[in-house]
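Below: the structure, in structure tokens.
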Amino acid sequence: MTNLKRLLVASILFLTASAFAEATPKSITLGLIPGGHPESIKAESKIIAEQLQKKFNVPVNIYISKNYAGLTTALKNKKVDYAFLTALSLVEAEKEVPVKVLLKKTYNGPYYFSGLVVRADSKIKSVKDLKGKSIVFVDPQSTSGYLYPQVYLRKNNFTDQSFKSVSFSGSHAASVEKLENKEVDVAAVFVDDEKTNDGAWERFKKDPKSKFRLLWVSDPIPNDPIVVRQDFYDQYPKLTHELMYELIEMQSDAGTKKLISEIMGKGELMPATSKQYDPVREVNKVFNK
């Protein structure tokens, strides 16, 4: 082969490789829901953004939605590329915009639970005693803070009219605060582990001496997913996978893990698929009948 032919072949190979080379986005935006302490979420999101920006040399922005539905709207309007959702908000988001499930958070395992919680000194001893009482939910798109407890309550012949009042707090932390301050009689929040009865009330209580009692625990719920917009994934598949692995690395690092547990969970991040959320889709169908 002559030098000219070699040069032509090399040029063709270079142009072919360049044609298939993946472009780099001008920026990346991660979307979060207001699930816990707002101050902690802001501080942790800054750590995550800075590390990802340093890794990929691309500006990384954080979008903290005012409510669960707002994050779906942000995905639909392409204001957000990646989103940290709840199981139910994933199910609702799929109706509005194609997304790809990448990972799921873990705490004490691949699942968590929903629970109805009262103060330890409450005269409420069973679910039957909830009639005429005040209840607080998290958000209409909260899996553990609304969907699962509502389906359970309906099965036990409860409607919103069965309660003295029904309200939404916007976050699990805010629901615990309302219960702790005696603003409500019962709160629907997440439960980490059905065996240890550990959950939102322990993580978010302001007074260490405050004590609570669990009235009911749900069936297992798939842990919160991390998703990417399908069109973003189609355009940047290599970057998406690299970012996914970087998040896993961040959560595996003992030093970093403690600094981002509010957003990323206490356990390791695990690969996830859309099919794993079929149980939530079925419960949602029952609720919407």
Exercise. Looking at the range 205-237, which of the residues that are more than 29 Å from VAL283 (Cα to Cα) and among the aromatic types (Phe, Trp, Tyr) is surrounded by the fewest Cβ atoms within 10 Å (Cβ to Cβ)?
Worked result: TYR236
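Picking from ASN77, ASN67, which residue would you name as being polar (S, T, N, Q), modelled with pLDDT under 95 and out of contact with any helix residue (DSSP H, G or I) (no Cβ under 8 Å at 6 or more places or on another chain)? Let's see the steps before the verdict.
Details: ASN77 fails: modelled with pLDDT under 95.
Checking each option against the conditions leaves just ASN67.
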Seminar exercise, completed: Quick count over the range 136-176, residues being outside any helix (DSSP H, G or I), of a type outside the set (Asp, Glu), at negative phi and under 23 Å from the mean Cα position of the chain (by Cα), is 10
For this session: Please find, within the range 117-135, the residue that is farthest from ASN197 (Cα to Cα) out of those that are in contact with a helix residue (DSSP H, G or I) (Cβ under 8 Å, 6 or more places away or on another chain) and assigned to a helix (DSSP H, G or I).
Result: LEU130
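For residues in the range 222-234 being at pLDDT below 95 and not polar (S, T, N, Q), which is nearest to GLN141 (Cα to Cα)?
So the first thing to find is which residues in the range 222-234 are at pLDDT below 95, and the list is 222-224.
Those still in the list that are not polar (S, T, N, Q) too: 222, 224.
Details: PRO222: 15, ASP224: 12 Å.
Checked the range 222-234; the qualifying residue nearest to GLN141 (Cα to Cα) is ASP224.
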For this session: For VAL127, state whether it is in contact with a Ser or Thr (Cβ under 6 Å, 6 or more places away or on another chain) and either of a type in the set (Val, Ile, Thr) or farther than 16 Å from VAL217 by Cβ (or both).
Result: no
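The values are calculated or read from the model by the stated rules, or taken from the named source; none is laboratory data. Since we're looking at a predicted model, the values are computed, not measured. Note that each Cβ is placed from the backbone with ideal geometry, even for glycine, and that neighbours are counted across all protein chains shown.
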